[in-house]
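Beneath this line is the structure, given in structure tokens, with notes to follow.
The values are calculated or read from the model by the stated rules, or taken from the named source; none is laboratory data. Just so it is clear, the structure is predicted and the values come from calculations on it, not from any experiment. Note: ideal-geometry Cβ built from the backbone for every residue, glycine included; neighbour counts use all protein chains shown.
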Amino acid sequence: MPIIPIVVTFQPSCRVLIAYEPTPADRAPMPAGNATEPRYLGYRDTDLAQPYAKYFQAETLPIQDHAREALLGMAPSEHAYGIGQAARILSRPGHQAMETGWTRVPGGYMVSCLTRMPGVTAEMWDWWFGWAKSSARYKLCHPSAHVFCAVGDDRSADRSLTDRQRYIDNVGYVDGTSEES
């Protein structure tokens, strides 16, 4: 299965843009749990035993209309861009040709999803991606879609790092499934 590059943009103050250079995390092997951790929707007893379990929600908001519409057909391939172009393209003012959608690129697919998150700040974004390094934690945002999460380089024990430093120049592996599949 090809690796799918995903570009996620957020409205408008939450765009976190950094020029991308491959890092050691990009070249590292997949996390061990990738092959062994069970995939499942919702929560199990081990998830419910976590100290943050009180925040779990059994249901989430429905998919946003623009995202549902984008799934119906492939966008023109000329709307795709490489990871090396992402910071330049995403830092342009206004919306891009493919804010939400998918298209074929050499070796796989490009998926882009604009997610409107009113009230979410850049600091909240940094905290989330610095903290959500496990499947149970990642399921907080969508338990009926996310079934696995791991990071290439788990930096959570290094208290000298900021939330942003825990995820920038790192690789996040997230497996999901569609509620409709």
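Given the condition farther than 22 Å from Phe148 by Cα, at pLDDT below 85, not in a helix (DSSP H, G or I) and not polar (S, T, N, Q), answer yes or no: does some residue in the range 21-32 qualify?
Checked against the condition, which is being farther than 22 Å from Phe148 by Cα, at pLDDT below 85, not in a helix (DSSP H, G or I) and not polar (S, T, N, Q), the range 21-32 yields at least one hit.
So which of Thr36, Thr100 is closer than 24 Å to Asp154 by Cβ, out of contact with any Phe, Trp or Tyr (no Cβ under 9 Å at 6 or more places or on another chain) and polar (S, T, N, Q)? Spell out how you get there, then give the answer.
Numbers: Thr100 fails: closer than 24 Å to Asp154 by Cβ.
Thr36 is the lone residue from the list that is closer than 24 Å to Asp154 by Cβ, out of contact with any Phe, Trp or Tyr (no Cβ under 9 Å at 6 or more places or on another chain) and polar (S, T, N, Q).
Does Val174 fit the bill of being out of contact with any Leu (no Cβ under 7 Å at 6 or more places or on another chain), outside any helix (DSSP H, G or I) and of a type in the set (Val, Ile, Thr)?
Details: out of contact with any Leu (no Cβ under 7 Å at 6 or more places or on another chain): yes; outside any helix (DSSP H, G or I): yes; of a type in the set (Val, Ile, Thr): yes.
So Val174 fits the description; yes.
If you go through the range 45-66 one residue at a time, do you hit one that is at pLDDT below 85, surrounded by 10 or more Cβ atoms within 10 Å (Cβ to Cβ) and either of a type in the set (Phe, Trp, Tyr) or farther than 23 Å from Ala145 by Cβ (or both)?
The answer is no; no qualifying residue exists.
Could you count how many residues in the range 116-147 are under 26 Å from Thr46 (Cα atoms), outside any helix (DSSP H, G or I) and of a type in the set (D, E, K, R)?
Final tally of qualifying residues: 2.
Any chance the range 113-129 includes a residue that's closer than 27 Å to Asn34 by Cβ and modelled with pLDDT under 85? Steps first, please.
Step one: list which residues in the range 113-129 are closer than 27 Å to Asn34 by Cβ, which gives 113, 115, 125-129.
Next, from what is left, pick out any that are modelled with pLDDT under 85: 113, 115.
Yes, some residue in the range 113-129 is closer than 27 Å to Asn34 by Cβ and modelled with pLDDT under 85.
Looking at the structure I just gave you, is Arg166 assigned to a helix (DSSP H, G or I), surrounded by 14 or more Cβ atoms within 10 Å (Cβ to Cβ) and not hydrophobic (A, V, I, L, M, F, W, C)? Even if it seems obvious, please write down each step before you answer.
On the way: assigned to a helix (DSSP H, G or I): yes; surrounded by 14 or more Cβ atoms within 10 Å (Cβ to Cβ): yes; not hydrophobic (A, V, I, L, M, F, W, C): yes.
In short, yes.
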